[in-house]
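Here's the structure, in structure tokens; my notes come after.
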Amino acid sequence: MAETATLDALFTEVLDGSGPPRPSELIATSVFWIQHGTRLAGSTTVYRNRYVLVRVGQSYGACAFEAGELDPDTCSGASGSDLATLLRAAPLPLRVAALDAYLTETEHHRDRPDAEAVTLPAGTPEQRARSRDEAIAGLLELAPGSRVALIGVVTPLVVALRERGCVCLPCDYNLDATADGGLVTSVMSEVLEPADAVVATGMTLGNGTFDGILRHCGKRNVPLIVYAQSGSAVARAFLGSGVTALSAEPFPFSQFDSNPTTLYRYRAAHSS
């Protein structure tokens with residue numbers, strides 16, 4: 001994948017590319033969405049997550065979305081479409097999921113020589129979330145006291161960052177406070193401006209904020225680490241083009257299984 005400056009440019013590159021395969025040659029056999037709520041032990045926060053999924057061949061593409069952005073009729077109507085149609089005309093979260101499916105089908109994480117496979121052990125939701133978020137935090141190479149903007153707040157990741165001596169600057173559109181009562185802002189600039197590094201969820205791909213974060217980090221030469229269930233293969237395309245490191249977790253996600261599962265860590269210096 002050539003260096004890509006924006007998400008729109010990546011859509012265009014895939015649609016105009018010579019393949020193989022071309023997106024028009026691949027069919028979204030199944031398009032569906034999942035909604036679930038999670039409250040980890042010891043927390044009063046209920047995370048309400050919604051994902052749209054696109055099945056293509058041996059692969060799934062995924063993207064989180066906000067309430068009201070998609071409905072079951074949109075998904076059922078999209079099932080059976082070719083990927084080029086979805087990439088051009090679908091709502092943004094579905095376009096991202098279709099792009100994720102295409103990029104995964106053409107090159108699985110497991111087949112990439114630069115992907116570090118990390119096995120999350122069997123366990124409770126709390127144990128598995130902690131293992132996942134420790135693996136994400138392990139991608140940071142910062143001195144104690146460094147300020148880390150966290151775009152998309154999950155409690156175990158806040159804890160993992162703090163255990164590494166980082167000052168966590170949390171931002172989320174759906175939370176007002178962290179589990180320990182710390183304030184969470186919904187204004188992204190408030191955490192981006194003072195940050196020494198940025199850790200952002202893949203959901204930023206589906207809500208239109210990813211390009212702005214990418215530009216900000218590029219202008220200030222700030223490391224950008226993406227933790228992606230949403231668009232894990234999409235975020236991978238930006239390694240070395242603004243994304244410093246990536247934790248890629250393709251569907252089915254760790255929260256849907258109590259058995260060992262695998263995520264894949266990338267570092268730009270080791271990616272081609």
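The values are calculated or read from the model by the stated rules, or taken from the named source; none is laboratory data. Everything numeric here is computed off the predicted structure, so don't read it as measured data. Virtual Cβ from ideal backbone geometry, glycine too; neighbours counted across all protein chains shown. What goes into the accessible areas is simple: the full protein's heavy atoms, side chains included, and nothing from ligands, DNA or RNA. Shrake-Rupley method; radii C 1.70, N 1.55, O 1.52, S 1.80 Å.
Looking at Ala84, is it in contact with a helix residue (DSSP H, G or I) (Cβ under 9 Å, 6 or more places away or on another chain), free of Cβ contacts under 8 Å to residues at least 12 places away in the same chain and either farther than 17 Å from His36 by Cβ or of a type outside the set (A, V, I, L, M) (or both)?
Taking the combined requirement at face value, the residue does not satisfy it.
What are the residues in the stretch 178-192 that are within 15 Å of Gly212 (Cβ to Cβ) and in contact with a helix residue (DSSP H, G or I) (Cβ under 9 Å, 6 or more places away or on another chain), if any?
Met188, Ser189, Leu192
Taking Ala117 and the conditions (1) buried (at least 21 other Cβ atoms within 10 Å of the Cβ); (2) of a type in the set (A, V, I, L, M, F, W, C); (3) farther than 27 Å from Arg48 by Cα, which numbered condition does it fall short on, given that it satisfies the others?
Of (1) buried (at least 21 other Cβ atoms within 10 Å of the Cβ); (2) of a type in the set (A, V, I, L, M, F, W, C); (3) farther than 27 Å from Arg48 by Cα, only one is false for Ala117: (1).
Please go through the stretch 129-164 and pick out each residue that is open to solvent by less than 20 Å² (accessible area, probe 1.4 Å), in contact with a strand residue (DSSP E or B) (Cβ under 6 Å, 6 or more places away or on another chain) and not aliphatic (A, V, I, L, M).
Answer for the stretch 129-164, where residues must be open to solvent by less than 20 Å² (accessible area, probe 1.4 Å), in contact with a strand residue (DSSP E or B) (Cβ under 6 Å, 6 or more places away or on another chain) and not aliphatic (A, V, I, L, M): just Gly152.
With the structure loaded, tell me whether Gly77 is small (Gly, Ala, Ser), out of contact with any Phe, Trp or Tyr (no Cβ under 8 Å at 6 or more places or on another chain), more than 25 Å from Gly208 (Cβ to Cβ) and open to solvent by less than 70 Å² (accessible area, probe 1.4 Å) or whether it fails that test.
In short, no.
Does any residue in the stretch 159-173 that is touching a residue at least 24 places away in the same chain (Cβ under 8 Å) come within less than 6 Å, Cβ to Cβ, of a residue that is in a strand (DSSP E or B) six or more places away or on a different chain, and which pairs are these?
Qualifying pairs under 6 Å: Leu161/Val148; Leu161/Cys168; Cys166/Val148; Leu169/Arg147; Leu169/Ala149.
Could you tell me which residue of the stretch 183-197 is nearest to Tyr47 (Cα to Cα), considering only residues that are without any contact (Cβ under 8 Å) to a residue 24 or more places away in the chain and outside any strand (DSSP E or B)?
Looking at residues that are without any contact (Cβ under 8 Å) to a residue 24 or more places away in the chain and outside any strand (DSSP E or B), I get Ser186.
Going by what's in this entry, would Thr104 be described as in contact with a Ser or Thr (Cβ under 9 Å, 6 or more places away or on another chain), surrounded by 18 or more Cβ atoms within 10 Å (Cβ to Cβ), within 30 Å of Leu15 (Cα to Cα) and hydroxyl-bearing (Ser, Thr, Tyr)?
Spelling it out, Thr104 is indeed in contact with a Ser or Thr (Cβ under 9 Å, 6 or more places away or on another chain), surrounded by 18 or more Cβ atoms within 10 Å (Cβ to Cβ), within 30 Å of Leu15 (Cα to Cα) and hydroxyl-bearing (Ser, Thr, Tyr).
Keeping to the stretch 165-174, report how many residues are open to solvent by 20 Å² or more (accessible area, probe 1.4 Å) and either more than 18 Å from Gly202 (Cα to Cα) or under 18 Å from the mean Cα position of the chain (by Cα) (or both).
Total meeting the criteria: 5.
Hey, any hits in the stretch 242-253 for a residue that's among the β-branched types (Val, Ile, Thr), touching a residue at least 60 places away in the same chain (Cβ under 8 Å) and open to solvent by less than 10 Å² (accessible area, probe 1.4 Å)?
no
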